[in-house]
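Q: Have a look at the structure that comes next, please.
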Amino acid sequence: MEKVRHQLFLPKPLSDRLEALAARPGASKSAILADAVTAWLNRRGASELEDRFAIRLDRLTQAIGRVDRDAYVILETLALFIRFELAIQTPLAENDHAGRALGAKRFEAFVTQVGRQVSTGRRTLGAAAEDAE
């Protein structure tokens, strides 16, 4: 491997530490400095990669936060709606078969409509907001 000569200046305390390390058997200043520079460059490269991913991770964290908030709003809305409906609807009599059949039919229509909306990707709430504008 081709080597290039570099001349550099080190503070005295750092130079003394380098001299002490290089005095050990099998060690050299060039090898120590090459290892140190390689490690520093590798860390810096990893840091740049980490910085790039950090931006993307921040965006993903914000998006997940919005999804979490939206899910909470949806669940709270559903819970309040159900509580309201149960409070205002009178219970059906045990022998009201026509009322129960109508309720079952309406429930099936509701579930079918939800399935249709979800499968096509349409959003009822988004459409209402767009119509209001």
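The values are calculated or read from the model by the stated rules, or taken from the named source; none is laboratory data. Bear in mind that the values here come from a model prediction, so they are computed numbers and not experimental data. A quick note on method: Cβ atoms are made from the backbone with ideal geometry, for glycine too, and the neighbour counts reach across all protein chains shown. Please note that ligands, DNA and RNA were not included when accessible areas were found on the heavy atoms of the full protein model with its side chains. Shrake-Rupley method; radii C 1.70, N 1.55, O 1.52, S 1.80 Å.
Q: Enumerate the pairs (first residue in segment 69-87 and exposed (fewer than 10 other Cβ atoms within 10 Å of the Cβ); second residue anywhere and not hydrophobic (A, V, I, L, M, F, W, C)) with beta-carbon separation below 7 Å, excluding pairs fewer than 6 apart on the same chain, so at least 6 apart or on different chains.
A: none
Q: Filtering segment 37-48 down to residues that are within 22 Å of Leu8 (Cβ to Cβ) and of a type outside the set (Val, Ile, Thr), which residue is most open to solvent (accessible area, probe 1.4 Å)?
A: If we take residues in segment 37-48 being within 22 Å of Leu8 (Cβ to Cβ) and of a type outside the set (Val, Ile, Thr), then Arg43 is most open to solvent (accessible area, probe 1.4 Å).
Residue-by-condition table, conditions (1) at pLDDT below 80; (2) among the acidic types (Asp, Glu); (3) farther than 20 Å from Ile74 by Cα:
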| site | (1), (2), (3) |
| --- | --- |
| Asp96 | no, yes, yes |
| Phe107 | no, no, no |
| Gln117 | no, no, no |
| Thr120 | no, no, no |
| Gly126 | yes, no, no |
| Ala129 | yes, no, no |
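Q: Being surrounded by 10 or more Cβ atoms within 10 Å (Cβ to Cβ) and outside any loop (DSSP other than H, G, I, E, B): is that true of Asp51 here?
A: Judged against the criteria, Asp51 is not a match.
Q: Of the residues Ser119, Ser28, which is within 30 Å of Met1 (Cα to Cα) and hydroxyl-bearing (Ser, Thr, Tyr)?
A: None of the other options fit; the residue is Ser28.
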